[in-house]
1. Under the condition of being in contact (Cβ under 8 Å) with a residue 40 or more places away in the chain and closer than 19 Å to L115 by Cα, which residue from the stretch 151-168 is farthest from the chain's Cα centre (by Cα)?
2. Give me the helices (runs of 4 or more DSSP H) completely within the stretch 99-205, filtered to those with at least 2 residues that are modelled with pLDDT of 90 or more, ordered by residue number.
3. For the stretch 28-75, what are the residues that are out of contact with any Gly (no Cβ under 7 Å at 6 or more places or on another chain) and closer than 30 Å to P10 by Cβ?
4. Hey, among E91, E109, which residue is surrounded by 15 or more Cβ atoms within 10 Å (Cβ to Cβ) and assigned by TED's automatic domain parsing to the domain that holds E153?
5. Taking the condition of being polar (S, T, N, Q) and either loosely packed, with under 13 Cβ neighbours inside 10 Å or within 19 Å of F68 (Cα to Cα) (or both), how many residues in the stretch 8-51 meet it?
6. How many residues are under 20 Å from S133 (Cα atoms) and of a type outside the set (V, I, T) if we restrict to the stretch 166-184?
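The values are calculated or read from the model by the stated rules, or taken from the named source; none is laboratory data. The model shown is predicted, which means the values in this text are computed figures rather than measured ones. Cβ atoms come from the backbone with ideal geometry, glycine included; neighbour counts cover every protein chain shown.
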Amino acid sequence: MGSPDLNFDPAKGPVVAPWMAWGPYLWADGIHPRSDGLTWECEDFIEDGAHHSPLGIAKVSARLLDFFSTDPTTVPWFMDCNTSDPGAFAEPYEVLGDRMRKVGGNGLEISWDSLDPVVGSGTGYDVVRGRLSELREDRGFDRVSCLLSGWAETPWVDSSPNPAPGTGYYYLVHGQNSCGSGTWGDSSLVPDPRDVLDAGVPFCL
């Protein structure tokens, strides 16, 4: 719904625009209370009948504050999760847009969409790797290895030797900051096989 050029939600693709909304609904039928009790009385306006008096400003301000403090779209950025850390204002989401490309002789560059615009510049990234054969056998991620912890920003280059012919690796990335730790990814399966990773096995430090 809406134009993809205005996407603000990292769960729906690259973030290309800020979140925009009208804010709380402030219309009421004068002195007749609506369902939440809001009314507008003469003393809520100055003499021109259009601009709010201090009483009216207080009503508007209270509803604006309630809207930004409770709406699920505004809470992640309005309600700073750690005011003492300027590099974090929300808990990391799932990392999206994972990409890989060969660089140099043995190097494999792993990149992803940065979470900084939506959770803060203090985000660090962890990378785990596992064998595709073990993923097939286990139908889970129990045998992954932690390759990287707290990396400052995308991309990162894995210079480990290439897998032997007929074998392969997979990589997963997740973000963390002082507000919390993101998820290694969500699937349609319940329970999700990545739950073991989200629980901290292996624990990347």
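1. Out of the qualifying residues, it is V157.
2. 132-138
3. Hits for the stretch 28-75 are R63, L65, D66, F68, S69, T70, D71, P72, T73, T74, V75.
4. E109
5. Here the count works out to 1.
6. Qualifying residue count for the region: 7.
Quick grid of which residues meet (1) touching a His at 6+ places or on another chain (Cβ under 7 Å); (2) of a type in the set (D, E, K, R); (3) free of Cβ contacts under 8 Å to residues at least 60 places away in the same chain:
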| site | (1), (2), (3) |
| --- | --- |
| R63 | no, yes, yes |
| F78 | no, no, yes |
| V95 | yes, no, no |
| V103 | no, no, yes |
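For every residue, the table says whether it meets (1) over 27 Å from the mean Cα position of the chain (by Cα); (2) small (G, A, S); (3) not in a loop (DSSP other than H, G, I, E, B).
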{"site": "P14", "(1), (2), (3)": "no, no, no"}
{"site": "A17", "(1), (2), (3)": "no, yes, no"}
{"site": "M20", "(1), (2), (3)": "no, no, no"}
{"site": "R34", "(1), (2), (3)": "yes, no, no"}
{"site": "L64", "(1), (2), (3)": "no, no, yes"}
{"site": "T73", "(1), (2), (3)": "no, no, no"}
